[in-house]
1. Count, please, the residues in the range 67-86 that happen to be among the hydrophobic types (A, V, I, L, M, F, W, C) and not in a helix (DSSP H, G or I).
2. Does the range 208-233 hold any residues that are part of a strand (DSSP E or B) and in contact with an Asp or Glu (Cβ under 9 Å, 6 or more places away or on another chain), and which are they?
3. Please report, ordered by residue number, the strands (runs of 3 or more DSSP E) entirely within the range 248-335 with at least 1 residues that are within 18 Å of Asp186 (Cβ to Cβ) and in the same structural domain as Ser158 (by TED's automatic domain parsing).
4. How many of the residues making up the range 154-182 are surrounded by fewer than 24 Cβ atoms within 10 Å (Cβ to Cβ) and in contact (Cβ under 8 Å) with a residue 60 or more places away in the chain?
5. Of the conditions (1) among the hydrophobic types (A, V, I, L, M, F, W, C); (2) in a loop (DSSP other than H, G, I, E, B); (3) within 18 Å of Phe147 (Cβ to Cβ), Phe239 fails just one. Which one is it?
6. Just the residues that are closer than 19 Å to Ile64 by Cβ and not in a helix (DSSP H, G or I), please, taken from the range 10-27.
7. So if I check each of Glu259, Glu235, which one is touching a residue at least 24 places away in the same chain (Cβ under 8 Å), of a type outside the set (Gly, Ala, Ser) and over 24 Å from Arg141 (Cβ atoms)?
8. For the range 102-123, which positions are in a loop (DSSP other than H, G, I, E, B) and either more than 20 Å from the chain's Cα centre (by Cα) or not β-branched (Val, Ile, Thr) (or both)?
Amino acid sequence: MRKIKIALIGLNRHSHAQPIISCIRKNDNIFDFAGYALTHNEDERFPEIFRYLDDCKRLSVDEIMNDTSIEAVAIETEEIYLSEYATLAAKHGKHIHMEKPGGTSVSEFEALIDLVKKGGKTFNVGYMYRYNPIIRDLLSRINSGEFGKIISVDAQMSCYHPTETRQWLETFPGGMMFFLGCHLVDLILQIQGKPENVIPLNRSSGIDGVSAQDFGMAIFEYPNGVSVAKASAVEIGGFTTRRLLVSGTKKAIEIKPLEFVSGENLLVSEAVEFENKQSWSDRGSSYKSGDFNRYDDMMKAFASMVRGECENPYTYDYELELYKTVMKACGGEEK
């Protein structure tokens, strides 16, 4: 198996830089880690993440871009810089794994998609639930017609963030909807396709004087019903009440919690399915996934795409439509 020579660009505190670094480094039978470049003094600003790189080779962004032996980059900057550095990588013909969801400009993201589409390189966006085994199985079964027509999706992904983090959400349009709600928009779009209309309902709780929109909610209108995404940063117990409820004309399923920790770097999901349309006492059929590490699966899939062993199931056009829908849910820039 050919190793993929890869470099890292940037770090972030609140997303997935640390597990992506760990995954690349431990899977040295898959990746040849060339080194890293920092973009905005991240070593000083995020020392708790930078320590995972303390024995790795430091490069400049230009050195990474101009080294033709480095065929792939993992872009883990803060969200506002993602599209900028992904665009630079696309101009230099690199395969790209990028943190979700992109920068805050629709026109900039459109230009990025145009570049990667013309270059034909892998463009992989780090939406973590794409690598959850129960969700992957569910999407396959929905597509096969097992659940009938989908009437609605209720997707929730909340937590309780400290005051500093909640104020940081002001960096983005839609605040919490941009930061975590984007994962839920991805699920709704995969299950139901493009909505007829999106109604953003993002709010600031005002708790502790925070002015950012730390309560994210959006409604997605479809011909057969209405779906909802909710992502609150001020919900006690929010980690354990994260869920995906899909209601179809033949079946319904609730995955709750979406994921919970089962061991070091391992997660498990639990689901309940319902088929009885009449019973008030039906508790459904419960089951769990096996243990999984979503980042290992994500980066192994990326390497397979780069080697040409499989196609990316998420097309360039899908990623663009998803980004535009996320921005509509945030009440931000759209075209």
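1. The total comes to 5.
2. Once the filter is applied, which keeps residues that are part of a strand (DSSP E or B) and in contact with an Asp or Glu (Cβ under 9 Å, 6 or more places away or on another chain), the range 208-233 yields Phe215, Phe220, Glu221, Tyr222, Ser227, Val228, Ala229, Lys230, Ser232.
3. Those strands (runs of 3 or more DSSP E) span 252-255, 266-268.
4. The number of residues fulfilling the criteria is 10.
5. (3)
6. Pass one, the range 10-27, residues closer than 19 Å to Ile64 by Cβ: 10-12, 17, 20-21, 23-25.
Result: Gly10, Leu11, Asn12.
7. Matching residue, one of Glu259, Glu235: Glu235.
8. The answer is Gly102, Gly103, Ser105, Gly120, Lys121.
The values are calculated or read from the model by the stated rules, or taken from the named source; none is laboratory data. Since we're looking at a predicted model, the values are computed, not measured. All Cβ positions, glycine included, derive from the backbone under ideal geometry; neighbour counts span all protein chains shown.
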